[in-house]
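The values are calculated or read from the model by the stated rules, or taken from the named source; none is laboratory data. Computed from a prediction, not measured in an experiment: that's the story for all the values here. Quick reminder, even Gly has a Cβ in these numbers, built from the backbone with ideal geometry, and neighbours come from all protein chains shown. With ligands, DNA and RNA removed, areas are computed over all heavy atoms of the protein, side chains included. Shrake-Rupley method; radii C 1.70, N 1.55, O 1.52, S 1.80 Å.
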Amino acid sequence: MFKIINILIIHLISIIPKSIIKIFAKNYVAGITIREAIKIVRNLNNQNLSATLDILGEHTKRKSECLEITNSYKEILKEINNNNLDCNISIKPSHIGTDINKDFFEKNLQTILDQAIKYNNFVRIDMENSNLTDTSINTYKAMKVKNLGIVLQAYLYRTNNDINKLNAKSNIRLCKGIYNESSNIAIKKPEQINANYLKLLKNAFKKGMYVGIATHDKKLIQQSLSLIKEMKINKNNFEFQMLYGVPMKTAINNLLENNYKVRIYVPFGSNWYDYSIRRIKENPNISKYVIKNFFLK
Ligand code: FDA
């Protein structure tokens, strides 16, 4: 019964009014303003969780808007520092200029990075679709600072080679990958993506990299932990990462009880709609939330 309602909701989602989507968005998005996001980060820190803040949005077409986003990231870094929070930032290259040109993107990234260095903080370049993989990795390599990290996607065939070519001191987030890539370049079968994920994780650890293990896949988390034990990886060399709002309470508590670091990716901003739709579609309990919100309030 719930399954059928789920399928119906997912198909009808585009005609559901924005005001209703907003009710669910609250689960996945930390508000619209920096102040709202900072409040959520403080709550997470109070639960022993680290955070990374992301301003929602991508493929910015106007230079002025890219500069506004760049300034907002600078402001976030200042607020993180002023509030003494355990939080860094994540940035999509196309949000700050790759659709204009690479130099403009790199200039904006450098501006943000300078602010991060000033406050002894850290910037992670999120990984977008495969059109941007080379730009993102090349920019990361060229900048050569410890305050900068990159994301690698386990579904791409190229990723093992990318790990081999990266500096051993690199700081990577390893995720499965969310974009719909061609089967020429990306693994499609979930179990093969998982197998590749573990292979890549092993290789990254072998090279001595710091890895953000970004997944909600409980089996994969357990397999990663087994690998960590088997390879005797120091707790300072990795952390687990999850998206804000994805119900992972038991898994998170288990990790925290065993003194593993867990970081929550916290998106916020006025571009909340598309991101929320994506998260809602991925949520197997969507019908239960709908029923709860409409009938139990
Ligand atoms: P999988 O999709 O197998 O999901 C595992 C379990 O989690 C399933 O049972 C599923 O139901 C549950 N789940 C997943 N989403 C849910 C939701 N919204 N609500 C409830 N349950 C849910 N990708 C990318 O291409 N570039 C990037 O930069 C990033 N960055 C990033 C940061 C962080 C911190 C995370 C956790 C993920 C990313 N991703 C990403 C996304 C990533 O590539 C991947 O698409 C998603 O994490 C889903 O894959 P899982 O590894 O969670 O496994």
Practice problem: Find the residue count for region 179-200, including only residues that are within 11 Å of the ligand (Cβ to nearest atom), closer than 22 Å to F240 by Cβ and of a type in the set (A, V, I, L, M, F, W, C). | Solution: 1
Quiz item: Going through region 171-185 one residue at a time, which ones are modelled with pLDDT of 95 or more and not basic (K, R)?
Solution: N171, I172, L174, C175, G177, E181, S182, S183, N184, I185
Quiz item: Exactly one of (1) more than 10 Å from the ligand (Cβ to nearest atom); (2) at pLDDT 95 or above is unmet by N271. Its number?
Solution: (2)
Quiz item: Using beta carbons and a limit of 7 Å, which pairs, at least six apart or on different chains, have the first residue in region 194-206 and over 14 Å from N161 (Cα atoms) and the second one assigned to a helix (DSSP H, G or I) and within 13 Å of the ligand (Cβ to nearest atom)?
Solution: N194/L220; L198/Q223
Quiz item: Which residues, counting only those in region 121-133, are open to solvent by less than 20 Å² (accessible area, probe 1.4 Å) and under 27 Å from N46 (Cβ atoms)?
Solution: V123, R124, D126
Quiz prompt | Unique residue being open to solvent by 70 Å² or more (accessible area, probe 1.4 Å), within 16 Å of the ligand (Cβ to nearest atom) and in contact (Cβ under 8 Å) with a residue 12 or more places away in the chain when the list is K219, K176 | solution = K219
Quiz item: For the subset of region 156-173 comprising residues that are within 17 Å of the chain's Cα centre (by Cα) and open to solvent by 10 Å² or more (accessible area, probe 1.4 Å), which member is nearest to the ligand (Cβ to nearest atom)?
Solution: R173
Quiz item: When A186 is evaluated against the numbered criteria (1) within 24 Å of I221 (Cβ to Cβ); (2) open to solvent by 10 Å² or more (accessible area, probe 1.4 Å), which criterion, by number, is the only one it fails?
Solution: (2)
Quiz item: Out of the residues in region 236-250 that are surrounded by 12 or more Cβ atoms within 10 Å (Cβ to Cβ) and away from the ligand (no atom under 12 Å from the Cβ), which is nearest to the chain's Cα centre (by Cα)?
Solution: F238
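Residue-by-condition table, conditions (1) modelled with pLDDT of 95 or more; (2) within 9 Å of the ligand (Cβ to nearest atom); (3) in contact with a His (Cβ under 7 Å, 6 or more places away or on another chain); (4) farther than 20 Å from S50 by Cα:
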site	(1), (2), (3), (4)
K202	yes, no, no, yes
Q223	yes, no, no, yes
E230	yes, no, no, yes
N234	yes, no, no, no
I252	yes, no, no, no
I264	yes, yes, no, no
P267	yes, no, no, no
